[in-house]
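The values are calculated or read from the model by the stated rules, or taken from the named source; none is laboratory data. Since the structure is predicted, the reported quantities are computational estimates derived from the model, not experimental observations. Positions of Cβ are backbone-derived with ideal geometry, glycine not excepted, and every protein chain shown enters the neighbour counts.
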Amino acid sequence: MRHPSIVLTAVILGVATPASCVPSPEPAGDETPNRASDADAIKAIYERSLVKQKEGDVDGWLDLFSEDVVFMAPDQTVGEGKESIRAVVAPLLEQFIVEESTFLDEIQVSGDLAFARGTREFRATPKAGSDTMEQRVKFVHILRRQGDDTWRFSRWIWNGDSPQE
């Protein structure tokens, strides 16, 4: 079995995100309706993440990312491109049952770039049986509007939100 920190790193990539735990961001006083609709579209990406994970649809989940995505996990080499993510996530979906809650604290949109900041709490239970791993992380995700006016994750950055044992 892989080392738990590697497993948890892969799980944190966003394998699951319950829609019920993604609150609507509060619009700023100067937020235009377009920015509000962008924020709603970004929130929907987090909701689709759960659906794709529950379906075991790695390709569908990866469609939420730009081709040139960069992900930065704690204590790991920077990953570049969707295939780097696939190499970690596909085996995990086969080995673990993942339960996760995502809480969006902030979404800011500026033109074709946006960021989301929040926390994730998750549990990963090996399908082969053994102890469930739990962790809370904080994240910043940078999203980019694509040519077809959809939003995709462009940078995926996170770190633990509690001391390591």
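Figures for the structure shown
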item: Flag for ALA10 being among the small types (Gly, Ala, Ser), under 15 Å from the mean Cα position of the chain (by Cα) and modelled with pLDDT of 50 or more; result: no
item: All positions within the range 111-135 that are more than 22 Å from PRO91 (Cα to Cα) and either in a strand (DSSP E or B) or of a type in the set (Asp, Glu) (or both); result: ASP112, LEU113, ALA114, PHE115, ALA116, ARG117, GLY118, THR119
item: Residue satisfying condition, being touching an Asp or Glu at 6+ places or on another chain (Cβ under 7 Å) and either at pLDDT 80 or above or not small (Gly, Ala, Ser) (or both), within set LYS82, LYS43; result: LYS82
item: Pairs with Cβ under 7 Å, 6+ apart, first in the range 101-128 and farther than 19 Å from VAL51 by Cα, second of a type in the set (Ser, Thr, Tyr); result: GLY118/THR102
item: Selection within the range 104-127 - in contact with a helix residue (DSSP H, G or I) (Cβ under 7 Å, 6 or more places away or on another chain) and more than 22 Å from SER66 (Cα to Cα); result: PHE122, ALA124, PRO126, LYS127
item: Residue in the range 142-159 that is surrounded by the fewest Cβ atoms within 10 Å (Cβ to Cβ), counting only those that are out of contact with any helix residue (DSSP H, G or I) (no Cβ under 9 Å at 6 or more places or on another chain) and not charged (D, E, K, R); result: GLY147
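Rundown of residues vs (1) exposed (fewer than 14 other Cβ atoms within 10 Å of the Cβ); (2) in a helix (DSSP H, G or I); (3) in contact with a strand residue (DSSP E or B) (Cβ under 8 Å, 6 or more places away or on another chain); (4) of a type outside the set (A, V, I, L, M, F, W, C), yes/no style:
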{"residue": "ILE42", "(1), (2), (3), (4)": "no, yes, yes, no"}
{"residue": "TYR46", "(1), (2), (3), (4)": "no, yes, yes, yes"}
{"residue": "GLY56", "(1), (2), (3), (4)": "yes, no, no, yes"}
{"residue": "GLU83", "(1), (2), (3), (4)": "yes, yes, no, yes"}
{"residue": "LEU93", "(1), (2), (3), (4)": "no, yes, no, no"}
{"residue": "ILE97", "(1), (2), (3), (4)": "yes, no, yes, no"}
{"residue": "GLU100", "(1), (2), (3), (4)": "no, no, yes, yes"}
